[in-house]
Amino acid sequence: MTIFCRKKIEKPLRVGEILKQKRKELKLTIENVSASTHIPKQYVVALEKNKYLLLPPAKAHCLAYIRKYAEFLKLNCSEVVKQFNKESDLENYQTIHPYCKLKIRPINPIVVWTKRISIFTIIFFFVGYLIWQLNGILKPPKLAVFSPAEGYISTDIKTLIQGESEKEITLTINGKKTDITDNGRFETYINLSKGVNTITISATKKHGKTTTITRHIIKKENYAKGQDILSLNN
């Protein structure tokens, strides 16, 4: 006669129960686990209670959390992950980050045209500024000579040179540097010799562009004074 004995088979532990049991053996709290593994507290609770639907709907996140938790508790990571895959049905989970879903919203045409006009305005002023700067560099400096006029005849030993140019230029008269005021004016005397005197006025920018004006002045003797002296002697 065969006698049958009933043997009580213990129910295998689920992943959450394994994690919870090991955590308590190590005398750790849920807060300790969350702080050490950087797993949000609500997900630690969800793992221990086997409530996998409360986990992020992304497969990568679920696997990362369970793997990190198992490693922290020094469990067999591959076995825990393998059992978790069976229990959680990860095949039906999303493969993208839950917060990276593509959201297509209708675009307001007014907003689009406002942005385009703003960008065009910025580009227009930027290009205009560059052109203005280049023009200032490439264009020769302004130079005007008020006195003397071309072909001026003088009986004096000196003549006054007056004119106007730009700020921050180098002004020379017959090769000699001449001071210029803050408003661009210049004024100086030069000596004249008998006959035709050539006066060259040059304004040079720091980038090398130069404007030059030439004046010819005729210096004559004062014959009237000589005649007066002769008449007095007679």
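The values are calculated or read from the model by the stated rules, or taken from the named source; none is laboratory data. On a predicted model such as this, the values are computed, not experimentally measured, just so you know. Quick reminder, even Gly has a Cβ in these numbers, built from the backbone with ideal geometry, and neighbours come from all protein chains shown.
Criterion applied to Thr200, Thr211, Thr188 was being surrounded by fewer than 13 Cβ atoms within 10 Å (Cβ to Cβ) and either in a strand (DSSP E or B) or modelled with pLDDT of 90 or more (or both), and the one residue passing it is Thr200. Within the stretch 60-79, being under 19 Å from Asn32 (Cβ atoms) and touching a His at 6+ places or on another chain (Cβ under 9 Å) holds for one residue alone: Lys68.
The helices (runs of 4 or more DSSP H) falling completely within the stretch 5-69 include none with 3 or more residues that are without any contact (Cβ under 8 Å) to a residue 60 or more places away in the chain, outside the structural domain of Phe84 (by TED's automatic domain parsing) and surrounded by 14 or more Cβ atoms within 10 Å (Cβ to Cβ).
The single condition among (1) modelled with pLDDT under 85; (2) surrounded by 11 or more Cβ atoms within 10 Å (Cβ to Cβ); (3) outside any helix (DSSP H, G or I) that Ile107 does not satisfy is (2).
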